[in-house]
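Peer 1: My structure is below; once you've seen it, I'll send some questions.
The values are calculated or read from the model by the stated rules, or taken from the named source; none is laboratory data. Not measured: the values here are computed from a predicted model. A quick note on method: Cβ atoms are made from the backbone with ideal geometry, for glycine too, and the neighbour counts reach across all protein chains shown.
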């Protein structure tokens with residue numbers, strides 16, 4: 001769908017030209033006084049999201065790793081993650097030297113608080129909810145669980161930049177939030193990521209994680225962590241600043257399109273729309289409905305595609321998809337090596353196999369939406385009724 005990517009234009013080109021003309025491509029030093037794009041973006045992003053700090057990085061995966069390590073997650077710890085998320089989420093847990101513990105998603109296709117409670121052990125250090133396909137997880141319940149058990153809470157907001165829960169931007173409910181600027185995300189720089197946090201100590205360690213010389217650059221002594229090079233360039237910062245100005249407009253259009261389509265599709269026979277934890281806060285990037293069983297979902301997806309509507313089943317055993325836990329080979333191998341039980345999340349697979357998923361583009365006009373709705377009506381009558 002590429003919402004931000006489809007908006008790339010002269011403003012982004014001018015921002016990139018500004019950096020290139022300055023010859024200051026690296027955020028920490030260059031030729032004379034540079035435009036300071038990354039630092040400016042960090043201040044602007046933190047303000048938009050309502051956070052104290054933001055750290056711009058080279059990828060959303062890096063943001064997750066920096067957030068986990070910055071929050072003190074490490075060897076011997078367990079981190080509860082949903083069984084439906086891009087594999088970068090559990091991979092980041094492995095990169096922090098902890099073990100991911102997979103929990104079920106519910107009908108919102110986000111982390112099920114009830115299963116989170118069941119998966120907590122004495123080694124649990126953190127909960128990592130993922131706001132999948134733009135939908136906020138049940139943050140009220142998850143925040144309460146984290147507080148009760150004194151757990152770190154890191155939000156994966158990579159697919160939901162700007163979305164909210166009860167009027168508050170996602171990424172601000174726990175110890176840190178991680179965002180992606182990869183091309184398929186709501187706003188984009190091609191590749192990139194952002195960490196936000198209100199914790200000074202978390203940011204301080206995250207700075208060392210993301211840049212192996214950062215403590216020296218800050219003049220606070222030698223590094224406290226054997227860090228990486230997850231830094232963002234000034235080119236990334238410049239483009240991100242422009243994309244950030246587009247965020248609320250993109251959200252407004254996607255939400256309006258999603259609401260219109262949901263109103264037309266929601267009452268059709270044989271379909272049940274994904275349940276939202278907060279429908280008003282949803283980014284509106286995808287319409288997801290459930291058929292009553294997997295075979296019907298597969299038939300409906302095929303029929304919609306035949307009507308010219310690009311639809312998909314989120315999970316089909318015949319089609320490997322790195323969003324679904326059976327295909328996370330390095331994670332499964334790490335769990336086996338640690339003597340952990342093989343993950344078993346049948347409810348997640350059952351739900352995902354019944355899905356009918358359609359992207360909702362901010363570029364859709366009323367005619368486009370009516371045509372999609374008409375295709376759904378036709379398929380509901382012919383396949384699902």
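Peer 1: Just one of 75, 117 is over 26 Å from residue 208 (Cβ atoms) and in the same structural domain as residue 209 (by TED's automatic domain parsing); which is it? Outline the logic, then answer.
Peer 2: On the way: 75 fails: over 26 Å from residue 208 (Cβ atoms).
Every option except 117 fails the conditions.
Peer 1: Being under 16 Å from residue 373 (Cα atoms) and either in contact with a helix residue (DSSP H, G or I) (Cβ under 6 Å, 6 or more places away or on another chain) or in the same structural domain as residue 137 (by TED's automatic domain parsing) (or both) is the filter here; which residues of segment 292-308 pass it?
Peer 2: If the condition is that a residue be under 16 Å from residue 373 (Cα atoms) and either in contact with a helix residue (DSSP H, G or I) (Cβ under 6 Å, 6 or more places away or on another chain) or in the same structural domain as residue 137 (by TED's automatic domain parsing) (or both), then 300, 303, 304, 307 are the ones that fit.
Peer 1: Continuing with the same structure: Quick one: how many residues across segment 272-293 are surrounded by 20 or more Cβ atoms within 10 Å (Cβ to Cβ) and farther than 30 Å from residue 168 by Cα?
Peer 2: 1
Peer 1: Here is a follow-up. Could you list all residues from segment 52-67 that are touching a strand residue (DSSP E or B) at 6+ places or on another chain (Cβ under 6 Å) and crowded, with 22+ Cβ neighbours inside 10 Å? Show your work before the answer.
Peer 2: Filtering segment 52-67 for residues touching a strand residue (DSSP E or B) at 6+ places or on another chain (Cβ under 6 Å) gives 53-57, 59-60, 62-64, 66-67.
Within segment 52-67, 54, 55, 56, 57, 60, 62, 63, 64, 66, 67 qualify.
Peer 1: What residue, of 289, 295, is over 23 Å from the mean Cα position of the chain (by Cα) and modelled with pLDDT of 95 or more?
Peer 2: Working: 289 fails: over 23 Å from the mean Cα position of the chain (by Cα).
Going through 289, 295 in turn, the sole match is 295.
Peer 1: What are the residues in segment 26-43 that are modelled with pLDDT of 95 or more and either within 20 Å of the chain's Cα centre (by Cα) or within 13 Å of residue 239 (Cβ to Cβ) (or both), if any?
Peer 2: 37, 38, 40, 41, 42 - these are the residues of segment 26-43 that are modelled with pLDDT of 95 or more and either within 20 Å of the chain's Cα centre (by Cα) or within 13 Å of residue 239 (Cβ to Cβ) (or both).
Peer 1: Of the residues 130, 105, which is without any contact (Cβ under 8 Å) to a residue 60 or more places away in the chain, under 26 Å from residue 2 (Cβ atoms) and in contact with a helix residue (DSSP H, G or I) (Cβ under 7 Å, 6 or more places away or on another chain)?
Peer 2: Values: 105 fails: without any contact (Cβ under 8 Å) to a residue 60 or more places away in the chain.
Going through 130, 105 in turn, the sole match is 130.
Peer 1: Looking at (1) part of a loop (DSSP other than H, G, I, E, B); (2) in contact (Cβ under 8 Å) with a residue 40 or more places away in the chain, find the lone condition where residue 224 falls short.
Peer 2: For residue 224, the failing item is (2).
Peer 1: Follow-up. Tell me yes or no: at least one residue of segment 134-151 is in contact with a strand residue (DSSP E or B) (Cβ under 7 Å, 6 or more places away or on another chain), within 30 Å of residue 233 (Cβ to Cβ), assigned to a helix (DSSP H, G or I) and at pLDDT 95 or above.
Peer 2: Within segment 134-151, one or more residues are in contact with a strand residue (DSSP E or B) (Cβ under 7 Å, 6 or more places away or on another chain), within 30 Å of residue 233 (Cβ to Cβ), assigned to a helix (DSSP H, G or I) and at pLDDT 95 or above.
Peer 1: Something else now. So is residue 304 farther than 25 Å from residue 182 by Cα, surrounded by 19 or more Cβ atoms within 10 Å (Cβ to Cβ) and touching a strand residue (DSSP E or B) at 6+ places or on another chain (Cβ under 8 Å) or not? Outline the logic, then answer.
Peer 2: Working: farther than 25 Å from residue 182 by Cα: yes; surrounded by 19 or more Cβ atoms within 10 Å (Cβ to Cβ): yes; touching a strand residue (DSSP E or B) at 6+ places or on another chain (Cβ under 8 Å): yes.
So residue 304 fits the description; yes.
Peer 1: Among the residues of segment 236-271, count how many are assigned to a loop (DSSP other than H, G, I, E, B), surrounded by 18 or more Cβ atoms within 10 Å (Cβ to Cβ) and in contact with a strand residue (DSSP E or B) (Cβ under 7 Å, 6 or more places away or on another chain).
Peer 2: Number satisfying all stated conditions: 1.
Peer 1: Is it the case that segment 62-77 has a residue that's farther than 25 Å from residue 129 by Cβ and at pLDDT 95 or above? Before you say what the answer is, go through the steps one by one.
Peer 2: Filtering segment 62-77 for residues farther than 25 Å from residue 129 by Cβ gives none.
No, because not a single residue in segment 62-77 is farther than 25 Å from residue 129 by Cβ and at pLDDT 95 or above.
Peer 1: Right, here's the next one. Do we find a residue being at pLDDT 95 or above and buried (at least 24 other Cβ atoms within 10 Å of the Cβ) anywhere in segment 113-121?
Peer 2: Yes, because at least one residue in segment 113-121 is at pLDDT 95 or above and buried (at least 24 other Cβ atoms within 10 Å of the Cβ).
Peer 1: Now, a different point. Scan segment 323-339 and report the pairs whose first residue is assigned by TED's automatic domain parsing to the domain that holds residue 352 and closer than 18 Å to residue 75 by Cβ and whose second residue is at pLDDT 95 or above and in a helix (DSSP H, G or I), with Cβ atoms within less than 6 Å and a gap of 6+ or a chain change.
Peer 2: Listed by first residue and then by second, the contacts come to 331/90; 334/94.
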